[in-house]
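Visitor: Handing you this structure, nothing more for now.
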Amino acid sequence: MRTEKRSIRLLMLLLVAINYPVQLIAQKTQTAASQDSSQIKTLDEVKVQGSKPYIEQRIDMTVLNVENSSMAVGNSILDLLQRAPGVYVSNDGKIDLKGRPGATIMIDGKPAYLAGEQLVALLRSMQSSAVRNIELISNPGAKYDAAGTGGIINIRMKKNTRAGFNGNVNLGTSYGKAWKHNAGTNLNFRSGKVNLYGDFYLDYNKRLRQLEINRVSPAATGDTYFNQNTRADIDDKNHYYKAGLDYYLNERNVIGFMFNGHANSGSDQTRNDTRISDQDLIPDSSVFSNNPTHRNYNYSALNVNYKSSIDTLGQELNVDLDYALYRNGTENSYDNRFLDPAGNELKPSLGFRSDAPVKVDIRSAKLDYTYPLSSAAKLSAGLKSSYVKTDNDIIFENLDAGNWQYDAGRSNRFQYTEKINAAYLNLQWNMKALELQAGLRAEHTNAEGNSITLNEVLKTDYLNLFPSIFLRRKLSERHSVGLAYSRRVDRPNYVTLNPFRYNFDLYTFAVGNPYLRPEFTDVFEFSYVYSNKLYISLGYRNTEDAITEVTLLNPEDKTLTVSNQNLAKRTGYYLNVNIPLQLLSFWRMNNSINIYKNKFSTPDLMGIAFESGRTAFDFNIGNAIKINASTSLDLSFNYRSAIERGTYYFKPMYSLDLGFKKTFAGDRVTLALAANDLLNTYRERLNSVIPGQDYRIYQKYDTQIFRFGVSYKIGNNKVKAVRDRSKSSETEERRVGN
């Protein structure tokens with residue numbers, strides 16, 4: 001606690017220290033400009049430049065205009081997203097929006113393709129300099145897939161505006177515990193009826209992960225204490241690519257083809273030192289292990305789309321056909337040595353390894369139709385059908401006398417198929433002072449999980465309705481209020497349904513749960529906006545069969561098991577306040593605070609009733625300081641209080657980020673310097689809130705990173721925009737991963 005107080009005091013001093021010279025520079029700049037303007041007798045041209053406000057409130061979403069921030073050059077999209085107000089992204093890819101877990105990530109209305117660690121790898125490989133804005137959709141309407149109880153975060157990339165050739169090239173390097181490099185380009189060419197575009201990004205990322213697990217395993221003969229220290233050197237190589245063609249048949253009809261994908265290869269060198277002791281807390285034995293891991297996965301997706309603007313009144317038809325392939329392979333090796341306190345061998349070493357190939361095939365089709373009822377109202381309707389097939393084959397082997405022997409008891413093959421058919425109807429009506437959007441979506445799900453090894457087949461078949469309604473009333477020129485309601489569903493990720501056991505080390509492992517049920521959430525929200533200077537939202541949510549990660553100690557074999565279970569209920573309240581301030585002509589500040597409480601409850605967890613939940617808050621303070629026309633400085637501070645999430649209690653977390661941006665050559669060249677987690681304070685500390693479960697976990701990644709980036713615009717930077725499109729397979733693809 002004393003260390004945190006000293007860090008916060010240091011932060012306050014740093015804010016003052018940075019602000020004072022910036023004010024002096026800005027004052028001198030303004031004085032010089034005033035003196036120059038007094039010398040001018042005539043003006044040949046007046047050029048007015050304006051920038052969008054950082055926050056825009058629309059009827060069904062909040063928009064963050066981030067493209068002019070210095071933090072948007074030299075960082076990844078993951079870095080940018082982690083600093084968005086009201087958004088929290090954990091190291092393992094879990095995403096919260098306004099304190100609500102389970103948010104869905106989309107890019108230009110298309111899927112983020114993966115979940116968990118794979119999602120983090122994708123966002124890390126894409127550069128934030130290409131981002132135009134971020135849409136925070138806490139209550140998605142009927143036109144969106146019903147999946148995603150935490151809402152949607154849609155990342156909109158920068159677009160081009162006129163015919164010709166256009167693009168930009170980005171290069172970046174950074175240093176934390178090791179060097180990291182990234183590069184990328186996006187190009188667009190339009191001539192006549194043809195529009196060609198493509199993106200390519202690569203990211204080489206070396207980083208360090210430190211993990212400590214202290215736990216007590218109870219037993220009738222006495223408690224056993226485990227103190228585990230882990231160091232993992234992680235080396236990742238990511239590539240993201242996209243290529244597309246739009247062909248304009250005539251002024252009202254266009255057909256398009258898009259191919260995109262993501263490839264990752266990496267290795268982890270993990271070393272574990274686990275010291276085991278009795279009640280006297282004096283180690284009586286140790287386990288040293290060296291666990292190398294080799295990972296590779298890739299997906300590729302093809303989208304064929306057609307758009308017809310049927311008439312000039314707004315009647316429109318959109319069709320999307322999608323096919324996506326996902327392939328993942330993870331090879332783990334474990335070499336465990338058992339030593340006494342003097343370092344002598346207690347017993348022969350234990351070696352085992354696993355190979356876990358995963359295949360996922362996704363096919364989907366979507367049709368959307370819009371019909372204008374009048375100049376103020378329009379009706380939309382749509383159909384969607386998707387088919388998903390997964391194949392997980394876990395091969396486990398033990399090292400016996402120098403030879404690898406197949407372990408049938410720990411190997412497993414699991415196949416899963418899922419069919420979802422959906423239809424929706426949505427009405428939008430914009431009256432003078434009242435906006436209305438109301439919709440209904442129906443989804444029929446048919447799924448089958450087949451554990452071939454265990455000879456078990458589980459089938460589910462259900463139909464659900466998902467209504468949504470949004471109202472926004474303009475009370476006066478400066479005041480407006482809104483009401484919203486939506487019902488959502490979250491289905492388990494495909495991998496978590498596989499009942500195999502995945503070892504982190506000799507005493508810690510994860511296990512899948514084929515009996516997981518989908519969770520359903522009802523969300524109610526009230527909002528208030530004052531003159532684009534104050535944004536308030538107050539909400540309530542209720543989730544049935546909440547999918548929750550649970551970590552439990554097993555007293556029989558003294559292991560720690562991580563699994564997903566359906567807790568009976570999760571209820572929550574949240575209050576989100578955004579206050580953008582223009583403190584001075586050169587200094588813009590955005591303040592965001594989110595106060596929330598998530599309560600988890602179930603009548604039976606380990607044979608007893610369980611409840612958890614506490615009021616928590618997080619806030620973000622962002623400063624954008626314009627030194628002159630080509631130079632700017634950004635400073636942001638993020639804080640999250642202690643929180644209970646399911647069966648875990650997390651201690652507070654906070655970080656300070658600093659960015660500097662300079663443009664040259666008529667804004668064609670942009671240089672950026674940034675420091676992420678400047679005070680090196682961002683780490684996870686958690687323990688169990690389940691009675692009788694005594695473990696404490698400390699986890700620290702390589703977060704203090706100093707970055708340098710450069711971006712260069714090439715060609716005509718006013719090329720006509722590539723069409724936005726929402727692929728039909730967006731929801732299915734995001735569930736691929738851990």
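Visitor: Largest first, how would Glu435, Glu135 line up by accessible area (1.4 Å probe)?
Guide: Glu435, Glu135
Visitor: Please report, in whole Å³, the volume per residue of the convex hull around the C-alpha atoms of the stretch 240-322.
Guide: In the stretch 240-322, the Cα convex hull volume per residue is 161 Å³.
Visitor: Here's another thing I want to ask about it. Given axes a ≥ b ≥ c from the Cα gyration tensor, I'd like to know whether the stretch 473-516 is rounded (a/c under 1.5), prolate (a/b larger than b/c) or oblate.
Guide: Prolate.
Visitor: Just how far, in whole angstrom, is the stretch 148-200 from the stretch 570-644 if you go by their alpha carbon centroids?
Guide: Between the Cα centres of the stretch 570-644 and the stretch 148-200 lies a distance of 28 Å.
Visitor: Note down the net charge around Ser349, summing +1 for each Lys or Arg and -1 for each Asp or Glu among other residues with Cβ under 9 Å from its Cβ.
Guide: Within the 9 Å Cβ shell, the charges total 0.
Visitor: Pop a pseudo-label 7 angstrom from the Cα along the beta-carbon direction at both Arg413 and Tyr698 and give the gap in nm to one decimal.
Guide: Result for the modelled spin labels: 4.6 nm.
Visitor: To continue, here is another question. Return an integer: the convex hull volume of the alpha-carbon atoms of the stretch 356-435, in Å³ per residue. It would help to have the intermediate numbers written out before the result.
Guide: Working: hull volume 10.7 nm³, N = 80.
In the stretch 356-435, the Cα convex hull volume per residue is 134 Å³.
Visitor: Let me ask another. Summing -39500 (n - 2.57) over the DSSP H runs of n ≥ 4 in the chain and dividing by its residue number, what mean residue ellipticity at 222 nm do you reach, to the nearest 500 deg cm²/dmol? Before the final figure, lay out each step's value.
Guide: Values: 4 runs with 59 residues, N = 738.
Per the formula, -2500 deg cm²/dmol.
Visitor: Label Asp335 and Arg683 with points 7 Å out from Cα along Cα→Cβ: what is the distance between them in nm?
Guide: Result: 2.9 nm between the two label points.
Visitor: Lys and Arg at +1, Asp and Glu at -1: add these up for the other residues within a Cβ distance under 15 Å of Asp634 and post the number.
Guide: Value of the local net charge: +2.
Visitor: For Leu80, Leu454, what's the largest-to-smallest order of accessible area, 1.4 Å probe?
Guide: Most to least solvent-accessible, the answer reads Leu454, Leu80.
Visitor: Oh, and also: Starting from the Cα gyration tensor of the stretch 589-681, multiply each eigenvalue by 5, take the square root, and state the resulting semi-axes largest first in whole Å.
Guide: 43, 12, 11
Visitor: Can you tell me how much longer the chain between Lys177 and Asn227 gets when fully stretched, taken as 0.36 nm per residue apart minus their C-alpha distance, in nm with one decimal?
Guide: Contour length minus the Cα-Cα distance gives 15.5 nm.
Visitor: Related question: Can you tell me what the convex hull of the Cα atoms of the stretch 517-658 projects to on average, as an area in nm²?
Guide: 12.0
Visitor: OK, next. Taking θ as phi - 60°, what are the ³J(HN,Hα) couplings along the stretch 553-561 by the Karplus curve (6.51, -1.76, 1.60), each to the nearest whole Hz, with x for Gly and Pro?
Guide: Values, residue by residue: 8, 10, x, 6, 10, 6, 9, 10, 10 Hz.
Visitor: Explain nothing, just compute: Karplus ³J(HN,Hα) = 6.51 cos²θ - 1.76 cosθ + 1.60, θ = phi - 60°, for every residue of the stretch 335-342 in order, whole Hz, x for Gly and Pro.
Guide: 10, 10, 10, 10, 10, 8, x, 8
Visitor: Also: What's the FRET efficiency of Ser641 with Lys533 using the Cβ-Cβ distance as r and R₀ = 25 Å, to the nearest 0.05?
Guide: For R0 = 25 Å, the calculated efficiency reads 0.45.
Visitor: For the stretch 126-143, in order, what is each residue's ³J(HN,Hα) by Karplus, 6.51 cos²θ - 1.76 cosθ + 1.60 with θ = phi - 60°, in whole Hz (x at glycine and Pro)?
Guide: Result, ordered by residue: 9, 8, 6, 5, 8, 8, 8, 7, 10, 9, 9, 10, 6, 10, x, x, 5, 6 Hz.
The values are calculated or read from the model by the stated rules, or taken from the named source; none is laboratory data. Worth saying up front: this structure is predicted, and the values here are computed from it rather than measured. Cβ coordinates were reconstructed from backbone atoms using ideal geometry, including for glycine residues, and neighbour counts include every protein chain displayed. Quick note on the areas: whole protein, heavy atoms, side chains included, nothing else; ligands and nucleic acids left out. Shrake-Rupley method; radii C 1.70, N 1.55, O 1.52, S 1.80 Å.
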